[in-house]
Amino acid sequence: MCALTGAALVLAGCTTNTEDTGPAVSKVQVDKVTEIADQLPDKIKQSGKLVIGVNVPYQPNEYKDASGKIVGFDVDLMDAVTSVLGIKAEYVESAFEKIIPAIQAGTYDVGMSSITDSKEREQQVDFTTYFSAGIQWAQQTGKPIDPNNACGKKVAVQATTVEHTDEVPAKSAKCVAEGKPAIDIKPFDEQSAATNALVLGQVDAMSADSPVTAYAIKQSDGKIETAGPVFDSAPYGWAVPKGSPLAKVLQAAVNHLIKNGQYKQITENWGVQDGAITESVINGAVS
């Protein structure tokens with residue numbers, strides 16, 4: 001998974017910055033909820049907007065469409081949250097490693113970039129959780145692969161992700177330790193290329209973050225499918241300054257959307273419903 005450890009802090013935005021037309025996804029229309037909006041800090045109420053630092057692309061969560069507009073699951077969910085709050089979201093593109101320092105400096109109100117809520121990061125910022133992401137393998141439809149016994153198989157990964165640097169190499173090392181052939185790891189600069197290699201049968205399987213795999217499967221017209229369950233799950237969170245009341249306001253807005261079913265609709269629109277949560281929490285790190 002992207003950006004779980006200190007060594008992987010720069011890995012949440014894991015592709016080169018190419019544009020993509022992506023799927024046609026309808027926006028969910030969300031109404032303002034005054035009792036939640038009234039809890040916003042005065043500065044944000046007065047400005048009428050949230051300034052949000054985001055690193056792109058990381059499909060389907062945040063990336064640029066063909067016109068250069070930042071879109072994705074994260075964007076649609078944050079747009080829904082800001083609609084609940086009666087304000088606008090202003091997305092500012094940023095290098096991933098600069099987002100948390102910019103939150104601490106007050107440059108951005110929120111950091112939103114598929115950031116894993118970790119205990120290490122909770123020392124720097126607070127998180128409002130909104131999704132659960134793990135690692136998910138995919139295979140060609142009808143050609144089963146066991147992620148825990150892929151010795152000698154060709155496995156596509158996106159270069160520099162945790163799947164490339166940690167997860168698949170660890171599985172390969174276990175193969176070798178048991179006297180079996182190593183996994184033939186095939187890194188690609190872009191996730192779309194890794195997916196395409198699997199669709200074309202150039203590799204036996206693919207490993208990626210669970211929402212990324214779900215998106216790839218949805219886009220494949222049935223050519224690929226999941227291989228085994230999601231594992232090593234951890235929450236994604238929106239980062240805000242340590243001690244900021246904004247964390248609880250965002251939490252209230254997400255939980256409102258969960259309760260009324262609009263959160264579920266947004267996850268389904270993007271094909272990432274397997275990572276849907278039932279309740280948003282503040283600082284929900286598991287490691």
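The values are calculated or read from the model by the stated rules, or taken from the named source; none is laboratory data. What you see is a predicted model, and the numbers here were worked out from it, not measured in a lab. Positions of Cβ are backbone-derived with ideal geometry, glycine not excepted, and every protein chain shown enters the neighbour counts. For accessibility, only protein heavy atoms count, side chains too; no ligands or nucleic acids. Shrake-Rupley method; radii C 1.70, N 1.55, O 1.52, S 1.80 Å.
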Find the accessible area per residue for segment 127-202; the probe is 1.4 Å, ligands and nucleic acids are left out, and the unit is Å². 43
Under a GNM of the chain (C-alpha, springs under 10 Å), which listed residue has the highest mean-square fluctuation: 181, 211, 241? 181
In debye, nearest 20: dipole of segment 58-120 around its Cα centre with unit charges on the Cβ of K, R (+) and D, E (-)? 80
Leaving out ligands, DNA and RNA, and with a 1.4 Å probe, what % of the accessible surface on segment 56-116 is carbon or sulfur? 48
Residue-averaged 222 nm ellipticity for the chain, from DSSP H runs of 4+ at -39500 (n - 2.57), nearest 500: -8500 deg cm²/dmol
Give the residue list of GluC sites (Glu not before Pro) in segment 155-208 that are DSSP loop and have at most 13 other beta-carbon atoms within 10 angstrom. 178
With Rg and the Kirkwood Rh both taken from Cα atoms, where does Rg over Rh land for the chain? 0.98
What does the extension gain come out to for residue 184 and residue 221, with contour length at 0.36 nm per residue minus their alpha carbon separation? 10.7 nm
Is the shape of segment 222-272 best called rounded, prolate or oblate, per the rule: a/c under 1.5 gives rounded, else a/b larger than b/c gives prolate, else oblate, with a ≥ b ≥ c the square roots of the Cα gyration tensor eigenvalues? oblate
At what distance in angstrom do the alpha carbon centres of segment 46-69 and segment 232-259 lie from each other? 18
Under a plain spin-label model, where a point goes 7 Å from the Cα along Cα-to-Cβ, how far apart in nm are residue 38 and residue 173? 5.6
